[in-house]
1. Which of the residues belonging to the stretch 230-245 are over 16 Å from residue 348 (Cα atoms) and surrounded by fewer than 23 Cβ atoms within 10 Å (Cβ to Cβ)?
2. Give the stretch 9-37 a look and list any residue that's touching a residue at least 24 places away in the same chain (Cβ under 8 Å) and either of a type in the set (Ser, Thr, Tyr) or within 24 Å of residue 186 (Cα to Cα) (or both), or say none.
3. Confirm whether residue 315 is in the same structural domain as residue 267 (by TED's automatic domain parsing), at pLDDT below 95 and under 26 Å from residue 206 (Cα atoms).
4. Just one of the numbered conditions (1) modelled with pLDDT of 95 or more; (2) among the β-branched types (Val, Ile, Thr); (3) in contact with a Pro (Cβ under 7 Å, 6 or more places away or on another chain) is not true of residue 65; which one?
5. Look through 73, 68 and report the one residue that is buried (at least 19 other Cβ atoms within 10 Å of the Cβ), within 17 Å of the chain's Cα centre (by Cα) and on the phi > 0 side of the Ramachandran plot.
6. When you scan the stretch 250-346 for strands (runs of 3 or more DSSP E) that lie fully inside it, which ones turn up with 3 or more residues that are free of Cβ contacts under 8 Å to residues at least 60 places away in the same chain?
Amino acid sequence: MFNKNIHLKEFGVVNNKKKIKAWILKSLNYYKNHELIQSFSKNYKYNFSQSQIKKYKKFNNYNLIGMGGSSLGAKAIYNFLSPKIKKKFTFIDNLSSKNNYKKKTKRLNIIISKSGNTLETISNYSVIKGKKRNLFVCENSDNYIKTLANKLSCDIISHKNYIGGRYSVLSEAGMLPAIFMGLKAEKFKNLNNLIKNKKFINSLLDGVVSIKYFLSNKKFNSIILNYDELSTDLFKWYQQLLAESLGKNSKGILPLISSMPKDNHSLMQLYLDGPKNSFFTFFDVNDHDNQKINNLEILQSYNFLKNKNLYQIKSAQKKATENIFRKKNIPFRSFRVLQRSEEALGELFTFFMLETILLGDLMKVNPFDQPSVELIKTETKRILIN
């Protein structure tokens, strides 16, 4: 357990790499004062005012229009914490004619693009109906979104240029929607306490050192075995974080998500007896699904199911799978969130972002850029112009 919110069984496969651990600690000490990392802390200064919050928090329905890091973080928050959110959010985060609809309800469009020039975001905004109420988030530079917002006399919230999209969930791009959802932004922020927490640091070191060890042994697939449906978008956020940060110079990690226990009946055979090129992360949230088995419907041969609920059955399957992985020497770690809360989710965001940045250092790649993706953007524009 690295804190009261999250229980983590670590990989624990490498315990003697003192030089690597010393290097990681040195990197962490450097990065903790980095202005991007400071967006993970309560000391971070947002570019929106309380008057703007008051003006736009009154809505009950929102469209969030954005791509990649401009929407994935907010979507992860919305779904992970959905049991406590009463507001309705629609995420328009891909090109589709289904976005061309008119909602009868009064709603606010939140348009987020770090660069202000995201082609899909611009296109989606142009085709949706009911655009009277808009709030734009983009860099304070000469860009399309800023020009459009000024033309429409709409409020613009500045997206800090030193925070890349996939690291922006704890800044304006994630926290502004979270506040509109009725959540407390400050509860997501616990960086200062976490980096003083020895258990948290040791868990971070175990993750970084172990994953580097797996890569050196040609294990390039990071497979999430997700036992919590409401966390699916958290791991879609994580996919972008890991793939876009580390996939460079012919290096990288392929992050994949498995829906459990459903994938016991499709992919598990491959995981257990296929190529040994993967490492695994089990993930569950301690949400008791109290839907009980109907004892009257259970035949005598399956009496062991009587008086059980669905959560107990799912937990037994997770434990059984971990036991078999252990017997087969398949590397894994296991997260269990003890309570669904802003604090727990903020700590997961912080852990995964720090782990990824430190892995970038160890792999000798820049975890903050995405040069090849920019090539596709340029080529798409060239094709459309011609």
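The values are calculated or read from the model by the stated rules, or taken from the named source; none is laboratory data. Worth saying up front: this structure is predicted, and the values here are computed from it rather than measured. As a convention, Cβ positions derive from the backbone with ideal geometry for all residues, glycine included, and neighbour counts pool all protein chains shown.
1. Listed by number, the residues that qualify are 243, 244.
2. Residues satisfying the conditions are 27, 28, 31, 32, 35, 36, 37.
3. Judged against the criteria, residue 315 is a match.
4. For residue 65, the exception is condition (3).
5. 68
6. Output list reads 254-259, 278-285.
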